[in-house]
Amino acid sequence: MEKTNSQARNYFDELMKDYRFKEGYHTCINCGTCTAVCPAAEFYKYDPRQIVATCQTKDDDKIEELLKSDTIWYCGECMSCVTRCPRKNGPGMVVMALRELSIKRGFFVESEKGRQLLPLMHAMVGNVLNYGYCIYPDTFNWENHMESGPVFKWHIEHLEKSLERLGANYKKDGPGILRKIPQESLDELKAIFDVTGATARVKHIEECSAKKAAEMNEDLATYEQKAFEFNSNTHFHDQ
């Protein structure tokens with residue numbers, strides 16, 4: 001990534017244009033309550049208090065380091081922090097704004113967790129636009145999700161029979177679970193993506209990822225598969 005000059009950065013000012021940042025960033029007193037209650041902080045090397053403290057510095061170098069890090073991708077956006085903060089801050093909302101800026105600036109490709117955005121986006125967006133569902137059985141590859149266990153493997157191998165027993169209307173017209181979504185509705189979903197900027201976002205993520213793949217001397221397919229599979233084992237407290 002080309003390093004932008006300090007005049008072109010102004011990350012804090014950009015963050016302040018995001019309503020999530022303005023809603024979640026008020027008068028932090030660095031008490032650490034958010035970190036104490038955060039489920040992600042229990043396992044990951046993740047400290048929402050420190051993230052807010054970094055933003056408070058308004059230092060472009062420190063904020064850029066944060067935007068390029070794995071740190072902002074550990075948050076599960078559960079908003080437990082909001083429920084406990086004595087000042088009603090929302091570090092989770094601050095993280096959402098940081099993620100937005102990281103994507104906008106193309107910094108997400110500089111971190112292991114950020115690079116996972118490409119395969120996740122392709123899976124979710126592909127399912128939504130092609131089938132009308134975020135998760136769809138036809139695109140679920142058990143070999144890529146072995147943590148789901150042998151019972152789920154059996155369900156995938158006996159999918160139609162299993163869904164029939166559950167009362168699903170799998171791939172059929174009419175109401176019911178996993179029913180076939182009409183093409184007219186899928187076309188409306190695509191139009192919503194186009195109008196809201198989601199289609200442009202998909203293209204931007206693909207372009208940034210392709211550039212990073214070229215930097216790493218990889219084709220995009222290899223880059224995407226590695227982003228999905230690779231784990232450096234450096235993210236948890238005991239690693």
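The values are calculated or read from the model by the stated rules, or taken from the named source; none is laboratory data. Source: prediction; values computed, not measured. Here the Cβ positions follow ideal geometry from the backbone for every residue, glycine too, while neighbour counts run over all protein chains shown.
Could you tell me whether the range 182-199 includes any residue that is in a helix (DSSP H, G or I), in contact with a Gly (Cβ under 8 Å, 6 or more places away or on another chain) and touching a residue at least 60 places away in the same chain (Cβ under 8 Å)?
For the range 182-199, residues in a helix (DSSP H, G or I), in contact with a Gly (Cβ under 8 Å, 6 or more places away or on another chain) and touching a residue at least 60 places away in the same chain (Cβ under 8 Å): present.
Please pick out the residue among Lys153, Lys161, Lys171 that is assigned by TED's automatic domain parsing to the domain that holds Phe193 and touching a Lys or Arg at 6+ places or on another chain (Cβ under 8 Å).
Going through Lys153, Lys161, Lys171 in turn, just one is assigned by TED's automatic domain parsing to the domain that holds Phe193 and touching a Lys or Arg at 6+ places or on another chain (Cβ under 8 Å): Lys171.
What tally of residues in the range 188-213 results from selecting those that are among the aliphatic types (A, V, I, L, M) and farther than 17 Å from Pro119 by Cα?
Residues that pass the stated criteria total 4.
Name the residues in the range 87-99 that are part of a loop (DSSP other than H, G, I, E, B) and under 22 Å from the mean Cα position of the chain (by Cα), would you?
Asn89, Gly90 - these are the residues of the range 87-99 that are part of a loop (DSSP other than H, G, I, E, B) and under 22 Å from the mean Cα position of the chain (by Cα).
Okay, residues lined up against (1) buried (at least 17 other Cβ atoms within 10 Å of the Cβ); (2) closer than 26 Å to Gly24 by Cα; (3) touching a residue at least 60 places away in the same chain (Cβ under 8 Å):
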residue	(1), (2), (3)
Val95	yes, yes, no
Leu101	yes, yes, yes
Phe107	yes, yes, yes
Gly114	yes, yes, no
Met124	no, no, no
Asn127	yes, no, no
Gly132	yes, no, no
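Run down Arg49, Arg9 and say which single residue is within 19 Å of Glu110 (Cα to Cα) and either over 18 Å from the mean Cα position of the chain (by Cα) or surrounded by 21 or more Cβ atoms within 10 Å (Cβ to Cβ) (or both).
Arg9
Which residue, of Gly76, Gly32, is within 25 Å of Pro119 (Cα to Cα), among the small types (Gly, Ala, Ser) and surrounded by fewer than 18 Cβ atoms within 10 Å (Cβ to Cβ)?
Of Gly76, Gly32, the one residue that is within 25 Å of Pro119 (Cα to Cα), among the small types (Gly, Ala, Ser) and surrounded by fewer than 18 Cβ atoms within 10 Å (Cβ to Cβ) is Gly76.
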